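J.: Supplied in structure tokens, the structure appears directly below.
Read-outs throughout are calculated quantities, based only on the coordinates presented, and are distinct from any laboratory measurement. Please read all numbers here as calculations on a predicted model, not as lab measurements. Cβ placement follows ideal geometry from the backbone for every residue including glycine, while neighbour counts extend to all protein chains displayed.
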Amino acid sequence: MRILLISVYYLPSTKSCAKLMHDLAAEFLQLGHEVIVLTPDNQLGSNLKVSDENGIEVVRIKAGKIDQAPKIIRAVNEIMLSAILWRKSREFFKKHRCDLVVWYSPSIFFGFLVKKLKQLFGCRSYLILRDIFPQWAVDAGILKKGLVYGYFRKKEMEQYGVADIIGVQSPANLDYFRENGLDKKHRLEVLYNWTKLKEDNIRFYGYRQQLGLNDKVVFFYGGNIGMAQDMNNILRLAESLKDEPKAYFLLVGDGSEAERLKTIIERKKLMNIVIHGAVDQERYLAMLSEFDVGLISLDRKLKTQNFPGKMLGYMYYSMPVLASVNPGNDLKIMLEEKCAGLVSFNGNDAQLREDALRLIKDLGLRRRLGANARLLLENTFSVSRSAGQILAHFQ
């Protein structure tokens, strides 16, 4: 088959979905399929650029900035994204018809594009749904129900409507569809996140020595520093451990909350936490390979559930997970059942601090949990498993 993958981000972006979609594309290619990736690029000089990247045909379309753009500009650019991608890629796809469309959400605005492509190709489609938006924004207090919410909700429904199958990221996500009466209208299944089980050779950069962290237990967070993550949660943890000499927190990434958090860290003179800007994929994986504990934080007000993509990198390098999540999140059950991490509910600061101290003081515990995390990755989150699950519906 010729398979088209659509994503807002693709390599060399450092977003977790960029690597997810690249790994999936590479797996489809290895299984003998032709693969085309369609993605926007705000830095492109021309309207369309097609390149062969290790056998994957990547079609980049010039579009407005989304990543790190002000909220209103980002919203406008996302709303326009589907129409822009269709208009600028239409002639290309008339000559390169595909047998299957697979797309990643967020964004929720790909419904129009996928509908047009399905009509052009006469093919079926699979939606990889990783964010239930706008519901999570309402839960987090970022968005109130009203006209704007109603518009986003309409786009959400349009996207579901053009998907032959929707793959949600956890069993708890199925509850959202049942509670909203959507399980009768759409074909749903759980499709866990995935990663390759063998990365290319990763260069050693010696970050621990460069940053003067040789005698520290480094709690590493990599990814979006935004509202849904409730990064105040991690700041409170770092502040509560400021007198613990071995504790250090390294946050790597960008997002709407990064500058505000840096200001707080500076004002409180916290010396055991630093926010480092986003790095490229090679450097990010190198960092993961050097540090001790992987951090996950999710806002307690969230009612939809999330398995953060960053967790896969932690597990790949056998890092134990220290997580603070919203109530009802399947992640707590999974990590505790597999003894792959320590998990508490966001808001229980005392438990989170106690879990962090256990990991700081017990190297054996870190190693046991880390080894179990790697086993969990291999058994549940492999790209071959996910690719096979998607393809089984269409072959």
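J.: How many angstrom lie between the C-alpha centres of region 74-97 and region 299-347?
T.: For region 74-97 versus region 299-347, the Cα centre distance is 35 Å.
J.: Based on C-alpha coordinates, I'd like the Rg and Dmax of region 207-380, in Å.
T.: 14.7, 44
J.: Using only the Cα atoms of the chain, build the gyration tensor, take square roots of its eigenvalues as a ≥ b ≥ c, and label the shape rounded, prolate or oblate: rounded if a/c is under 1.5, else prolate if a/b is larger than b/c, else oblate.
T.: Prolate, because a/c is 1.5 or more and a/b exceeds b/c.
J.: To check you understand DSSP bridge types, tell me what percent of the beta bridges within region 2-191 (both residues inside) are antiparallel, rounded to 5.
T.: 20 percent
J.: Need one number for region 2-191: average projected area of the convex hull over its C-alpha atoms, nm².
T.: 10.9 nm²
J.: Pop the C-beta distance of TYR149 and GLU266 into the FRET formula with R0 = 51 Å and round what comes out to the nearest 0.05.
T.: Working from the Cβ atoms, E equals 0.90.
J.: Grab every C-alpha pair in region 277-371, bin the distances at 5 angstrom width from 0 up to the longest one, and report whole percents.
T.: Histogramming region 277-371 at 5 Å steps yields 3, 14, 24, 24, 18, 13, 4, 0 percent.
J.: Also, I was wondering about something else. Among the listed pairs LYS15/LYS246; LYS88/LYS115; LYS19/LYS185; LYS155/LYS301; LYS145/LYS184; LYS19/LYS95, which are separated by more than 19 Å between their Cα atoms?
T.: Cα-Cα > 19 Å for LYS15/LYS246; LYS19/LYS185; LYS155/LYS301; LYS145/LYS184; LYS19/LYS95; rest within.
J.: Let me know the volume per residue of the alpha-carbon convex hull for region 334-395, in Å³.
T.: Enclosed volume per residue, from the Cα hull, is 93 Å³.
J.: Counting other beta carbons within 10 Å of each residue's own, what order do ASP355, ASP41 fall into, fewest first?
T.: Least to most surrounded, the residues fall as ASP41, ASP355.
J.: Among rounded, prolate and oblate, which fits region 79-202 when a ≥ b ≥ c are the square roots of the eigenvalues of its C-alpha gyration tensor, a/c under 1.5 means rounded, and a/b larger than b/c means prolate?
T.: It is oblate, given that a/c is not under 1.5 and a/b is not larger than b/c.
J.: Measuring from centroid to centroid over Cα atoms, what is the spacing of region 205-248 and region 112-164 in Å?
T.: About 35 Å separates the Cα centre of region 205-248 from the one of region 112-164.
J.: Explain nothing, just the number: dipole magnitude of region 207-380 about its Cα centre with +1 on each Lys and Arg Cβ and -1 on each Asp and Glu Cβ, in debye rounded to the nearest 20.
T.: 260 debye
J.: Same structure, new question: Run lengths n ≥ 4 of DSSP H only: what is the helix-derived mean residue ellipticity at 222 nm for the chain, with -39500 (n - 2.57) per run over all residues, to the nearest 500?
T.: Estimated from H runs of four or more residues: -12500 deg cm²/dmol.
J.: Just for region 123-278, what percent of DSSP beta bridges are antiparallel, to the closest 5?
T.: 0 percent
J.: If each residue's Cβ is checked for other Cβ atoms within 10 Å, how do ASP292, ASP67, ASP215 rank with the fewest at the top?
T.: Taking fewest neighbouring Cβ atoms as first place, the list is ASP215, ASP67, ASP292.
J.: At 7 Å along the Cα-to-beta-carbon direction for both ILE202 and ASP349, put a label point, then send me their distance in nm to one decimal.
T.: If labels sit at ILE202 and ASP349, their model points lie 3.3 nm apart.
J.: Here's something else I'd like to know. Which residues in region 28-54 have a backbone N closer than 20 Å to a point placed 7 Å from the Cα of ARG90 along the Cα-to-Cβ line?
T.: Under cut-off, by backbone N: 38-41, 46-50.
J.: Among PHE204, LEU251, VAL138, whose Cα sits farthest toward the positive end of the charge dipole of the chain (+1 at Cβ of Lys/Arg, -1 at Cβ of Asp/Glu, about the Cα centre)?
T.: Farthest along the dipole direction, towards plus: VAL138.
J.: Would you mind telling me which residue in PHE93, PHE345, PHE307 has the biggest mean-square fluctuation in a Gaussian network model of the chain, where springs connect alpha carbons within a distance under 10 angstrom?
T.: PHE93
J.: Distance from a point 7 Å along Cα→Cβ of ALA75 to each backbone N in region 100-115: keep the residues under 15 Å and list them by number.
T.: Within reach of a label on ALA75, which here means backbone N under 15 Å from a point 7 Å along Cα→Cβ, region 100-115 contributes 108-109.
J.: Which value in nm describes the separation of the simple spin-label points at ARG97 and ALA83, placed 7 Å from the Cα toward the beta carbon?
T.: For the pair ARG97/ALA83, the computed spacing is 2.8 nm.
J.: If each residue's Cβ is checked for other Cβ atoms within 10 Å, how do LYS198, LYS246 rank with the fewest at the top?
T.: LYS198, LYS246
J.: Residue by residue, what Karplus-based ³J(HN,Hα) values in Hz, rounded to whole numbers, does region 188-198 have, using 6.51, -1.76 and 1.60 with θ = phi - 60° and x for Gly and Pro?
T.: 10, 7, 8, 10, 5, 4, 8, 7, 5, 8, 9
J.: Another question, if that's okay. So if I place +1 on the C-beta of Lys and Arg and -1 on the C-beta of Asp and Glu, and nothing else carries charge, what would the dipole magnitude of the chain be about its Cα centre? I want it in debye, nearest 20.
T.: In total the dipole reaches around 960 debye.
J.: Given H placed on each backbone N at 1.01 Å, which residues far from HIS276 in sequence or on other chains put an amide H within less than 5 Å of it?
T.: LEU251, VAL252, GLY253
J.: Of SER240, ILE225, ALA278, which is farthest along the charge dipole of region 207-380 in the positive direction, counting Lys and Arg as +1 and Asp and Glu as -1 at C-beta?
T.: In region 207-380, that residue is SER240.
J.: Can you tell me the length gained on complete extension of the stretch ALA371 to GLU53, counting 0.36 nm per residue apart and subtracting the Cα distance?
T.: 111.1 nm
J.: Turning to a different aspect of this structure: Among DSSP beta bridges lying fully in the chain, give the percent that are antiparallel, nearest 5.
T.: Taking every DSSP beta bridge within the chain, about 10 percent pair in antiparallel fashion.
J.: Roughly what % of Cα-Cα distances in region 1-100 sit above 20 Å, to the whole percent?
T.: Within region 1-100, distances greater than 20 Å cover 37 percent of Cα pairs.
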